[in-house]
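Taking it in order: structure first as structure tokens, then the write-up.
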Amino acid sequence: RNSAARHGLRLVAKEARDLENHHRGRKFHETFARIQLDAAKLAEGFTKSLPHLRSDWHVSFVPTTIYGCHDNEYVHGQAWILVEPELDGKFMKWNNNA
């Protein structure tokens, strides 16, 4: 069993799964990040519109950052990944990314 001590900010990196989006590189991740930011704004508005603030109805989206890494195996020698903070706790995923 492999294990490592975790220190500092914990992040999760996401890369495009299918070849078409993989070749789009940074543009794929920029679109994803923009949609996630729009969704976060809508979620904030929804939460504020509730008649009584209820913690079990809070909808939010994690902030994202796009990183570029030099890698000659990728288009134009650049690998692009979307990075989010790793979350603690139990969360419900409401889609299957299909």
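Structure data summary
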read-out	value
Subset of segment 86-98 that is surrounded by fewer than 10 Cβ atoms within 10 Å (Cβ to Cβ) and not hydrophobic (A, V, I, L, M, F, W, C) - its residue that is modelled with the lowest pLDDT	ASN97
Selection count, segment 26-85, where residues are open to solvent by 80 Å² or more (accessible area, probe 1.4 Å), part of a loop (DSSP other than H, G, I, E, B) and among the hydrophobic types (A, V, I, L, M, F, W, C)	2
Segment 39-52 residues that are free of Cβ contacts under 8 Å to residues at least 40 places away in the same chain, paired with ones that are among the small types (Gly, Ala, Ser) (beta carbon under 9 Å, 6 or more apart)	ALA40/SER60; ALA43/SER60; GLU44/SER60; THR47/SER60
Residue that is modelled with pLDDT of 90 or more and over 12 Å from the mean Cα position of the chain (by Cα), where the choices are LEU19, LEU50, LEU42	LEU42
Pairs with Cβ under 6 Å, 6+ apart, first in segment 79-98 and charged (D, E, K, R), second open to solvent by less than 60 Å² (accessible area, probe 1.4 Å) and in a loop (DSSP other than H, G, I, E, B)	GLU84/VAL62; GLU84/THR64
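The values are calculated or read from the model by the stated rules, or taken from the named source; none is laboratory data. Keep in mind the model is a prediction, meaning the values are calculated, not measured. Glycine gets a Cβ as well: all are built from the backbone with ideal geometry, and neighbour counts include every protein chain shown. Remember, those area values only see protein heavy atoms, side chains included, never the ligands or the DNA or RNA. Shrake-Rupley method; radii C 1.70, N 1.55, O 1.52, S 1.80 Å.
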